Amino acid sequence: MLKNYLKTAFRSLARNKIYGLLNIVGLGLGIGCALVIFKVISFENSFDKHQDNYASIYRVVHEEIRPDEVSKGMGTPHPLGPAILEDFPEVKKVVRTHYVGTQQINVRTQNEVKKFLLDDGIVFTENGFFDVFNVEFISGDPGTALTESNTGVISKSESRRLFGYQKGEESKAVGRMLNLSNKIDFEVVGVIDDPVEATNFPFTILIEYRTQAKINQYFQEGQEWNSTSSNTNTYLLVAESFDSGAFDEKLIDFVDRHYKEGESVKRKFQVQPLSDVHSNTDYDNYAYVTSNELISALAAIAVFLILTACINFINLATAQAAKRSKEIGIRKALGGYSRQLVIQFLAETTLITFIALLCSLVVSEFLFIQLEDVIDTRLELNLFQNIETIGFLFALLVTVSLLSGFYPSFLLAGMNTVMALKSKITAKNNSGGLGLRKVLVITQFTISQFLIIGTVIISSQMSFFMTKDLGFEKEAIVKTYLPETDEVKSERFRSLMQENSAISGVTFALSSPSGTSNAVSIFNYPPLESEQDYMANYKPVDEHYMDLYGLDLIAGRNIKKSDSGNYVIINRKTADLLGFKDNYDEVVGEQLSSGWRGYRLKVIGVMENFHSQDLSGGLQYVFLLNEPETYFEIAFKTLEGSNVKQAISHFESVWDQVYPEYVVDWQFYDEELAENYEQEQSVSTLMSIFSIVSIAIGCLGLYGLIAFITANRTKEVGIRKALGAPVVAIIGKFTREIFILIVISFLIAAPVAFFILNEWLNDYEFRIKIGFGFFAMAFIATLLIAALTVGYRTISTAQLNPAQTLKDE
């Protein structure tokens, strides 16, 4: 029996090639996109789940309560971990990690020094790391690794890259020496397996924790409680009976014991489960954060696309009812049961779905390649290695087959035998009618218009990010790291750079105006009578900083080279807080208390506000001060219209003269700023792709609807033409119905899109306003696409010869 069902299904597909192709394309696109989304979600939800202690690992995070905000961060002071281990018996292990950014690794041989600039992967940590986290040692002893200063462990990929070993020879690196940033020599005491891709701990070079004192001026023997860096994290391995809520309560007294009595009013430590580290947007991590809201949105889009594809199938299947009426009538006249016909049509649906599923594998592989740069990873199906993917595809096969085939099967099987034999199947009898099809098309285009509106709004927000005036100049500025805080070398570098006419200025600073390296500390002003301190972004800069970045000074003077670190320029927001709004000259000379090295800060100037962080956050209190020992980067500006390549070439030449021991590296500042919005850009790209797919599937469904309408109204068209109706009027009658459906779908999609997208935009301090234009663009785009879809079919039907359409058998 099954063999007969399959034979009949194949014959039906062979007779109706266009119908089968449209269904396979629609379902293939929908399933392919759903599969891609499933793999993305699976990847994001898999972070660190390979850890044996996954449920027992917590990270300590902090909150600082200020008069105007609550600041949250993942950074902790260096002595926190040992103090927690001593105070709380429920904590079995404590591990501290200090992750560093771009660093240079040198490999010295008898003949040369090979220099490598590593963007990530270098961390200072402790031996306990190997007890808390899964680390596979290829060579070396995990029990003694990282117990001695100036020792390190490297991954096998780093062993191959740094020492040139071949696969299988990585363990030879044990005993070799490496140099970090021309400051620290350390011995390789172990080689470990590479970290998995789905981890928040992408460490490939691990160096003993105390060794950082030679490059981290804030380490101070690891005993400084008031210095906190987001690079420094504390992880706990706890007992099975651990109660995180109760532990957070205990940490209140812990703060008062280790800081000072009453400090817990403005400073809190809490624990965060490892399962929350990758998805909680309140805090950062060493990889990146993907919010649960984004995962939910992607899952909803996958459901929408599958639903759209199923609707498309139903429309096309029921549109074929008239063509298959005689087949059904003959089967029923010869004694065929409705149950058998239902199974037959479900078998056809399953066959089409299975073929579409195979096609979806090609679609998904193509999208994996295209999306590699978007989602920053190369996903793979791995069908025979991943039972979850096979289960998902099987579930899709069953679900889509039932959703797509259930209604058309019962509709076709339930046809009246006599009417079917006479081919009298119309919209008014048991061919399913237009009502349901119209509802389905409305549903399809509601989803499509929602996605189009979302794409337009997200893209506009991205454009806003890229074009908004940030309060400083970003074009034609090149940045690089500062290898050494040697003022003599710095001035020589500046002097040599300015010998080239294409370079208009050079500055040294901790970071650029909206840089990723920030020093945050407290400040207060006695007349405010605030018991709680405020938090400011402190930026050590030189006297050329404001000119190079185009910062506006609105009162006082610029920083001088002779100024000490307690002379400060504040921004307008700070001056307004202090009570000098619109009287900025009067704040010059005022004294502020601060947590910056315990300085009392003297205000020497007021600058206009600028965005010192990305546009998702508000304006900060910003202080500029002169402290050359904290400069971490160099920036230079090229003259407008000058030869940028010539300027870069000159820079590299000067670098080789002043800093020959270091690898040259540079980046345009505007490109760095764009990286702040990589996730938003990824969301925009994904939305664009899925909107196009949704529209494509919707157009197939619309084609099915117009095919059904025209097939059932050919005689009406013939009568109208015989009575003198022009072709334009007949076309208008058909398209008017489609227009009404699109209007209805728009009226449903627009308010839903407005509500959801407005909530998303509310997460940004600086955002666009959702205006009528966004909705008008989506509506017009949908109308044009629909017109192109139904145009050919309606025109060809309207031009039929009445003599052909009015004759009867």
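A few comments on the model shown:
- Along its three principal directions, the equivalent ellipsoid of segment 35-166 from the Cα gyration tensor extends over semi-axes of 31, 22, 19 Å, largest first.
- Point-charge dipole on Cβ atoms (K/R +1, D/E -1) for the chain, about Cα centre, debye to 20: 6760 debye
- At full extension, residue 18 and residue 557 could sit 186.4 nm farther apart than now, given 0.36 nm per residue minus the alpha carbon distance.
- Sequence-separation-based contact order of the chain, relative, with Cα cut under 8 Å and 6+ spacing, percent: 15 percent
- Using the Karplus relation 6.51 cos²θ - 1.76 cosθ + 1.60 with θ = phi - 60°, the per-residue 3J(HN,Hα) values for segment 201-212 come to 10, x, 8, 10, 9, 10, 10, 3, 4, 5, 5, 5 Hz, with x marking Gly and Pro.
- In the chain, a dipole from Cβ-located charges (positive for Lys and Arg, negative for Asp and Glu) runs towards its positive end, and of 548, 345, 28 it is 345 whose Cα lies farthest in that direction.
- Subtracting the Cα-Cα distance of residue 644 and residue 692 from their residue separation scaled by 0.36 nm leaves 13.4 nm.
- The residues of segment 81-196 expose, per residue, 45 Å² of accessible area to a 1.4 Å probe.
- Quarter of the Cα convex hull surface for segment 604-643, i.e. its orientation-mean projected area (nm²): 5.3 nm²
- Seen from residue 552, the other residues with C-beta closer than 12 Å to its C-beta sum to a net charge of -3, counting Lys and Arg as +1 and Asp and Glu as -1.
- Spatial offset of segment 578-631 relative to segment 44-84 amounts to 29 Å, using the alpha carbon center of each.
- Under 25 Å between alpha carbons - lysine pairs in segment 117-233 that sit 8 or more apart or on different chains: 5
- When the convex hull of its Cα atoms is projected in every direction, mean area for segment 524-664 (nm²): 11.1 nm²
- Residues of segment 271-289 falling in the label zone of residue 249, defined by backbone nitrogen less than 16 Å from a point 7 Å along Cα to beta-carbon, are 271.
- Residues of type aspartates and glutamates that residue 733 reaches as a straight line, Cα spacing below 20 Å, ignoring anything fewer than 8 places off in the same chain: 716
- Placing pseudo-labels 7 Å out from each Cα toward the beta carbon at residue 370 and residue 90 gives an inter-label distance of 5.1 nm.
- The amide H of residue 519, built 1.01 Å from its N in the peptide plane, has 538 as neighbours under 5 Å, considering only residues 5 or more places off or on other chains.
- Theoretical ellipticity at 222 nm over the chain - DSSP helices of four or more residues, -39500 (n - 2.57) apiece, nearest 500: -15500 deg cm²/dmol
- Mean-position separation - Cα centroids, segment 643-706 and segment 362-383, in angstrom: 18 Å
- Full extension of the chain between residue 282 and residue 260 gives 5.3 nm of extra length, using 0.36 nm per residue less the Cα-Cα distance.
- Sorting 251, 639 on solvent-accessible area from highest to lowest, probe radius 1.4 Å, gives 639, 251.
- Entries in 468/645; 539/560; 479/561; 474/560; 114/479 that, when Cα-Cα distance is taken, lie over 19 Å: 468/645; 479/561; 474/560; 114/479
- Distance between the modelled labels on residue 354 and residue 131, one decimal in nanometres: 5.6 nm (7 Å Cα→Cβ projection).
- Modelled label positions at residue 674 and residue 343, each set 7 Å beyond Cα in the direction of Cβ, lie 6.0 nm from each other.
- Projection of the Cα convex hull of the chain, averaged over all directions and equal to a quarter of that hull's surface, yields 44.2 nm².
- Counting only protein heavy atoms and using a 1.4 Å probe, the accessible area of residue 544 comes to about 60 Å².
- For residue 531 and residue 765, a Förster radius of 45 Å and the Cβ-Cβ distance give a FRET efficiency of 0.95, rounded to the nearest 0.05.
- Two-site FRET efficiency, residue 787 against residue 747, from Cβ-Cβ distance with R₀ of 25 Å, rounded to 0.05: 0.85
- Amide hydrogen proximity for residue 505: with H placed 1.01 Å from N in the peptide plane, the residues at 5 or more positions away or on another chain lying under 5 Å are 637.
- Segment 127-285: relative contact order as a whole-number percent, Cα under 8 Å and 6+ apart: 19 percent
- Here is what passes the span test in the chain: the DSSP H helices with alpha carbon length of 18 Å or more along the helix axis and a Kyte-Doolittle mean of 0.0 or above are 17-45, 292-319, 338-370, 387-413, 433-467, 678-712, 727-761, 772-798.
- Of all DSSP-defined beta bridges confined to the chain, some 80% are antiparallel rather than parallel.
The values are calculated or read from the model by the stated rules, or taken from the named source; none is laboratory data. Owing to the predicted nature of the structure, the values given are computational and were not obtained by experimental measurement. Here Cβ is always computed from backbone atoms with ideal geometry, including for glycine, and neighbour counts include all displayed protein chains. Heavy atoms of the whole protein, side chains included, go into the accessibility calculation; ligands, DNA and RNA do not. Shrake-Rupley method; radii C 1.70, N 1.55, O 1.52, S 1.80 Å.
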